[in-house]
Amino acid sequence: LGAAPAAQAQASYPSRTISIVVPFAAGGPTDTVTRLVAEVMARDLGQSVVVENVGGAGGTLGAARVAQARPDGYTLLLHHIGMGTTPTLYRRLPYDPVGGFEPIGLVTEVPMTVIARKDLPAANLAELVALVRKEKTGINYANAGIGAASHLCGLLLQKAIDAPMTTVPYRGTGPAMTDLIAGTVDVMCDQTTNTTSHIRAGAVKAYAVTTEQRLASLPEVPTSAEAGLRGLEVTIWHGLYAPKGTPAEIQARLSKALQAALRDERLVQRFADLGTEPVSQDRATPAAHKAFWEADIAKWRPVIQAAGQYAD
Ligand code: MLT
């Protein structure tokens, strides 16, 4: 008698192309990280790994796609801090934002930068604060929807400045960056994986990084604390997920492929060029990812509740 179909499927996994859903538009920071990881995971797994961009609703449309997919290891999600904030931000979702997934492992933690269109009349963060307090909703802030990293940073920024801006939502900060460079939107807070090259090219203005120390990749950009703004420290962690119910053997195989990717020298160099680095191997495991994720939900819940900004 042959092994049960499930056991056979696990033994031969992966036997066909794997899809990793990125819940934001192509060309943004989540897409950039995912494509670099997918390329190396494919080599380790001996199967092609394709990236599928499913943007919209602050990343919850893409997350829903994976939560509702067959738990067979062929549809995965690479998402970020939004998995820590959406359980609080959204009170009605078509999927369980925590129970719908199996965490496979953390991937990287990416700093953010507060940036603006290059001719915004504010030469530094103090002048930006003064401008936003004066113009208020006359200033347009780009983000990728409620649940995006750019949304969370915007929440912290508006709280620190103590003035509201007008939010302009995009399907990802890739497209938002195009408008910022064109000058049709004013301000954005986005991850260094998307902003470093544009800051270096002078295509946008950089006011601050959201880390406690300056970044080696952007040494001339002050930290938000140095630039005079408290409470604007946030780094965007990314993790890999499978749908709930994915067999443990497949989860373990995916964690092994993720760990191999995060050791790859070319990937490490590309991450460094983008202002970030892979997490250590011991964090690229289901247990470490699960513990970090639960703590992150608890960390942001009171911050979001205090801001009182929910999706519905
Ligand atoms: C993206 O990949 O577009 C960003 O992660 C969007 C965001 O979360 O700000």
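The values are calculated or read from the model by the stated rules, or taken from the named source; none is laboratory data. Remember, predicted model here, so these are calculated numbers, not experimental data. Note that each Cβ is placed from the backbone with ideal geometry, even for glycine, and that neighbours are counted across all protein chains shown. The protein model used for the area step is the full one, side chains on, heavy atoms only, and it has no ligands, DNA or RNA in it. Shrake-Rupley method; radii C 1.70, N 1.55, O 1.52, S 1.80 Å.
Filtering the stretch 143-155 to residues that are more than 9 Å from the ligand (Cβ to nearest atom) and either part of a strand (DSSP E or B) or farther than 19 Å from residue 229 by Cβ (or both) leaves only 146.
Taking the stretch 1-94 and the helices (runs of 4 or more DSSP H) fully enclosed by it, the elements with 2 or more residues that are at pLDDT 95 or above and hydroxyl-bearing (Ser, Thr, Tyr) are at 29-45, 82-89. Taking the criterion of being more than 11 Å from the ligand (Cβ to nearest atom) and either without any contact (Cβ under 8 Å) to a residue 24 or more places away in the chain or farther than 20 Å from residue 311 by Cα (or both), the residues of the stretch 166-187 that qualify are 178, 179, 180, 181, 182, 183, 184, 185, 186, 187.
Look at (1) surrounded by fewer than 21 Cβ atoms within 10 Å (Cβ to Cβ); (2) within 16 Å of the ligand (Cβ to nearest atom); (3) among the charged types (D, E, K, R) and you find that residue 190 fails only one, number (1).
Counted as qualifying within the stretch 188-307 are the helices (runs of 4 or more DSSP H) with 2 or more residues that are of a type outside the set (D, E, K, R) and touching an Asp or Glu at 6+ places or on another chain (Cβ under 6 Å), namely 248-263.
Residues are listed down the side, and each one gets a yes or a no for (1) within 16 Å of the ligand (Cβ to nearest atom); (2) within 21 Å of residue 259 (Cβ to Cβ); (3) open to solvent by less than 20 Å² (accessible area, probe 1.4 Å):
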position: 7; (1), (2), (3): no, no, no
position: 33; (1), (2), (3): yes, yes, yes
position: 49; (1), (2), (3): no, yes, no
position: 56; (1), (2), (3): yes, no, yes
position: 63; (1), (2), (3): yes, no, yes
position: 77; (1), (2), (3): yes, yes, yes
position: 90; (1), (2), (3): yes, no, no
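Taken together, 128, 156 contain a single residue that is open to solvent by less than 10 Å² (accessible area, probe 1.4 Å) and more than 13 Å from the chain's Cα centre (by Cα), which is 128.
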